[in-house]
Each structure stands twice: as C-alpha cells, then as structure tokens.
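This report concerns only the one structure given below.
No lab work stands behind these numbers, since they all come straight from the coordinates. This is a predicted model, so every value here is computed, not measured. Glycine gets a Cβ as well: all are built from the backbone with ideal geometry, and neighbour counts include every protein chain shown.
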Amino acid sequence: MKMLIRYTSLIALGATYGVMVLGSYVSATGLGLSCPDWPLCRGNILPTEEIIIEWTHRFFGLLVATFTVTTSVLALRTNDKKLKIITSLAVMFVFIQITLGAIVIGTRLQPEIVAMHLAVALAVFTTVLLSMLRVRNYAKSIEV
C-alpha cells in the first residue's frame, strides 16, 4: 500500500501542476469560454480541435480529483493523523475548485470569480504538495 499511496500522491501533484499551467494558458489566450457549458464541452464528452486546450485543462482537473481522492482514501488506512487531515483538506479544496470552475463558466469569466479560482488553485497545489511530502515521510518511517 505504501508504494500505491506514493504514486497516487505524486501523480496528483503532477496533474495539479499541469492543470494550473493549462489554466494559465487558457486564461491568457482568452480560451476560457471555448467550452461554454459545463461539465461537457459544447455538449460533447470528447474534444474537437477548437476546444482541445480547454478540454485538456478540464481533463487534468479530472485527474487531480481522481488522484487526490485516491490518495486521501489510502491515507485513511494509515495511522498518520496529520496525513489524514492534509489529504482531507486537499480533497475539500479540489471540490471547491471544481465548483468554482463551473461558476467561472456560468458567470462568463467574471473577474472576481476567476481570481477566486486562481486563489483556490494555489490552496489545492499547496495541500497536494504537503500530502505528497507527508506520504514520503510516512513511507520512510514504516520502512525502518
């Protein structure tokens, strides 16, 4: 189990970084409304060429949610109280972020909501990073 939680926490961190880079690109290039509906893109699950960047941003968001929740579920099986708290916070921030992402689209990129979306992205990244570091320390402590 310790190898699995190591991998899930590392993948969650990489996906979080990726979704933030893609989100910055989407914002800077004005592609934020290339998918005007949520959770689909123009009513489709799979992307077309015109929406590939925004769709990829959303796909990375799905990866973040999947691997952050998986890491948290695995953390619940440990005896590390701090790890359980950190991963639970990460999951909470991820779901707040998903909700804000939908609101960003619904409000047609209202600047205050976009700013909150960025602020919560930083909270997601921080808690996912702390989760990965705590997992690494936890795994080392049980190797002895």
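Quick test for you: out of THR56, THR87, THR71, THR78, pick the one residue that is of a type in the set (S, T, N, Q) and closer than 21 Å to ALA119 by Cβ. Step through it out loud before you land on a result.
On the way: THR56 fails: closer than 21 Å to ALA119 by Cβ; THR71 fails: closer than 21 Å to ALA119 by Cβ; THR78 fails: closer than 21 Å to ALA119 by Cβ.
Unique residue meeting the criteria: THR87.
Kindly indicate whether any position in the stretch 51-66 is under 17 Å from LEU133 (Cα atoms) and charged (D, E, K, R). There is no residue in the stretch 51-66 that is under 17 Å from LEU133 (Cα atoms) and charged (D, E, K, R).
Matching residues to (1) surrounded by fewer than 19 Cβ atoms within 10 Å (Cβ to Cβ); (2) of a type in the set (Val, Ile, Thr); (3) touching a Leu at 6+ places or on another chain (Cβ under 6 Å):
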site	(1), (2), (3)
GLU54	no, no, yes
ILE96	yes, yes, no
LEU118	yes, no, no
ALA123	yes, no, no
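Among the residues here, LEU33 qualifies as out of contact with any strand residue (DSSP E or B) (no Cβ under 8 Å at 6 or more places or on another chain), aliphatic (A, V, I, L, M), surrounded by fewer than 17 Cβ atoms within 10 Å (Cβ to Cβ) and touching a residue at least 60 places away in the same chain (Cβ under 8 Å). Annotation note: Cβ proximity below 6 Å between a residue of the stretch 36-56 that is closer than 16 Å to LEU109 by Cα and a residue that is not in a loop (DSSP other than H, G, I, E, B) (sequence gap 6+ or interchain) occurs for TRP38/ALA102; TRP38/ILE105; CYS41/ILE51; CYS41/TRP55; GLU54/VAL26.
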